[in-house]
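Asks: Can you keep this structure in mind? I'll have questions shortly.
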Amino acid sequence: MREALFLRQNQARWQQYAARPAADPNELAARFVALTDDLAFAQTFYPASPTTAYLNTLAAQQHQALYRNKREAGGRFGRFWAREVPLVVGRHHRTLAWALALFLLFTALGALSAAYDDTFVRAVLSDGYVDQTLENIRRGDPMAIYKSDGQASMFLQITANNVRVALLTYAAGITGGVGTAYLLFKNGVMLGSFQYFFYQQHVLRQSLLTIWIHGTLEISSIVLAGGAGFVMARGLLFPGTYSRAAAFRHSAREGLKLAMGLVPLFFVAGFLESFVTRHTEMPLAASLAIIGGSAAFLGWYFVWYPIRLRRQLGAPAAAG
């Protein structure tokens, strides 16, 4: 790469580093890693250039700032969800939007497949589940399957499984996003065929008001975990001006923060599914309040708040 192109691609970022202090120690560390990568590149290809000298000075300044701020005040645990996770989300809104678009497409494919193939639902959901649910519908309690297990054991099993699926969906990003896309496909097709099955049995309204009590948080978190996987894959496939290894390390950390930030949502979703969803006689207003409250929280924490926080900090636009 010619030095003029190297400057044109990175100079604005370097100037921002020099002019604006980092928002938190994690951003400072990320800056230092990025600068040392740039410095290594410049030392290799332009060893006697003023650019190399400038980067050396700037990296030294960031190094001093990093070690001045190494000791953090208390509340690190709270800051992780109050600042770090929203900042990661804000940096990757477009990538998360692509994950959502893919999941919606896969869900539509699942519903369409169920509509055109009477055996598809059984292939996806299993004969046992379909037969038991049909029997529950005949008895007048379509969602009775949520009452079949003990509450505590159900909570532990569901939460552990959902956390496992989310972390696996994130980790599959190491395949360049192919594994993550497959897991989103699998979950999306299952959801689409699942909801079409209840539509076909004329109990769609009951299913929506019951399942989405916990599903609003659970399904959204799976999609966000898919977005975390795509964040990691993006660094691997599109390293930009950094070395592929450095870009991958950074994007893997970003995705992991997001994936770990979803764990409390899975605990809440597991609690709702185990202790609340089973009350199928719940008044309409109560169901709508829980579903609406969950949706409002997701919109606030993963859309509005990250945008607001990044504007306050003067951060650059979200990554594509």
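Since every read-out is calculated from the coordinates, none of them should be taken as a lab result. Everything numeric here is computed off the predicted structure, so don't read it as measured data. Note that each Cβ is placed from the backbone with ideal geometry, even for glycine, and that neighbours are counted across all protein chains shown.
Asks: I'd like to compare 117-129, 92-104: which one has the highest average count of other Cβ atoms within 10 Å, and what's the full order after that?
Replies: 92-104, 117-129
Asks: Which net charge results when you count Lys and Arg as +1 and Asp and Glu as -1 among the other residues whose beta-carbon is under 13 Å from that of PHE194?
Replies: So the environment of PHE194 carries a net charge of +1.
Asks: Then there's this: How big is D for region 3-69, in µm² s⁻¹ as a whole number, if Stokes-Einstein is applied with the Kirkwood radius of its Cα pairs at 10 °C and 1.306 mPa s? Mind dumping the intermediate values first?
Replies: Numbers: Rh = 12.1 Å.
Translational diffusion coefficient: 132 µm²/s.
Asks: Also, I was wondering about something else. For region 90-131, take every pair of Cα atoms, bin their distances at 5 Å starting from 0, and report each bin as a whole percent.
Replies: Whole-percent P(r) values from 0 Å outward: 5, 22, 17, 16, 13, 10, 9, 7, 2, 0.
Asks: Toward the positive end of the charge dipole of the chain, about the Cα centre and with charges on Cβ (Lys, Arg +1; Asp, Glu -1), which of THR216, GLY261, GLY140 goes farthest?
Replies: GLY261
Asks: Here's a follow-up. How large is the convex hull of the C-alpha atoms of the chain per residue, in Å³?
Replies: Once divided by residue count, the hull of the chain is 141 Å³.
Asks: So what J values fall out for region 162-168 if you push phi through Karplus, 6.51 cos²θ - 1.76 cosθ + 1.60 with θ = phi - 60°, rounded to Hz, Gly and Pro as x?
Replies: Taking θ as phi minus 60°, the curve returns 5, 5, 4, 4, 5, 5, 5 Hz for region 162-168.
Asks: Hey, another quick one. Dipole magnitude of region 78-314 about its Cα centre, charges +1 at Lys/Arg Cβ and -1 at Asp/Glu Cβ only, in debye to the nearest 20?
Replies: 1240
Asks: Follow-up question, since we're still on this one. Where the centroid of each part is defined by its Cα atoms, how far is region 113-147 from region 195-254 in Å?
Replies: A separation of 25 Å, based on Cα centres.
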